[in-house]
1. Size of the dipole of the chain about the Cα centre, Lys and Arg at +1 and Asp and Glu at -1 on the beta carbon, nothing else charged, in debye to 20?
2. Averaging the inverse of every distinct alpha carbon separation and then flipping it gives the Kirkwood radius. What is it for the stretch 1-76, in angstrom units?
3. To one decimal place, what orientation-averaged projected area in nm² is obtained for the convex hull of the Cα set of the stretch 100-143?
4. State which entries of 8/84; 94/119; 8/128; 44/84; 8/53 exceed 24 angstrom in Cα-Cα distance in the structure shown.
5. For n ≥ 4 DSSP H runs only, could you compute -39500 (n - 2.57) per run for the chain, divide by its residues and tell me the 222 nm figure to the nearest 500?
6. What is the local net charge at residue 141, summed over the other residues whose Cβ is closer than 12 Å to its Cβ (Lys, Arg +1; Asp, Glu -1)?
7. For the chain, set up a Gaussian network in which alpha carbons nearer than 10 Å are linked by springs, and say which option among 74, 22, 107 fluctuates the most.
8. What do you get for Rg/Rh over the chain if you use C-alpha atoms and the Kirkwood form of Rh?
Amino acid sequence: MSESIKEKNITTNRKARHDYHIVQTFEAGIMLVGTEVKALRQNKASLTDSYAKIVNNEVWLLNANINVYDHGNINNHEPLRTRKLLLNSREIRKLKSYTEQKGYTLIALRLYFKNGKVKVELGVAKGKKEYDKRETIAKKDAARDYQRKIKL
């Protein structure tokens, strides 16, 4: 019996892969209120500068901006509130062991729908130095030039 998994990307943190080396990624569920899900269906979200933090063996997403729902009423959600991420205890222990090491942090890489549920892709990241960023840009430029030459 094969199940088809439907994924629809909502938003991606493009700055994260430029500023950090991503060591490992994790998929987490996220606790949302109704107007947040409706706003996400309208692609009204931004993960720029968002990160996750472990507090009391619970993982929380901070600085993730989900704009208010257009047709919401007085009970609309707050755009920058902290949201709880849903991971099992084994994954939380693994994330905690990474973040206790010097230089590692948890970054939200993307938000997406998977089978109707909103998921967050978390990345265990280590910050890049300025020369690493320039090196990455140079590699991308070289690859782009190579592809252009092949097309001709």
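Since every read-out is calculated from the coordinates, none of them should be taken as a lab result. Here the structure is a predicted model, which means the values were calculated and not measured. Cβ: placed from backbone, ideal geometry, glycine included. Neighbour counts: every protein chain shown.
1. 480
2. 14.8
3. Projected area, direction-averaged: 5.0 nm².
4. 8/128; 8/53
5. -9500 deg cm²/dmol
6. Cβ neighbours under 12 Å give a net charge of +3.
7. 74
8. For the chain, the value is 1.04.
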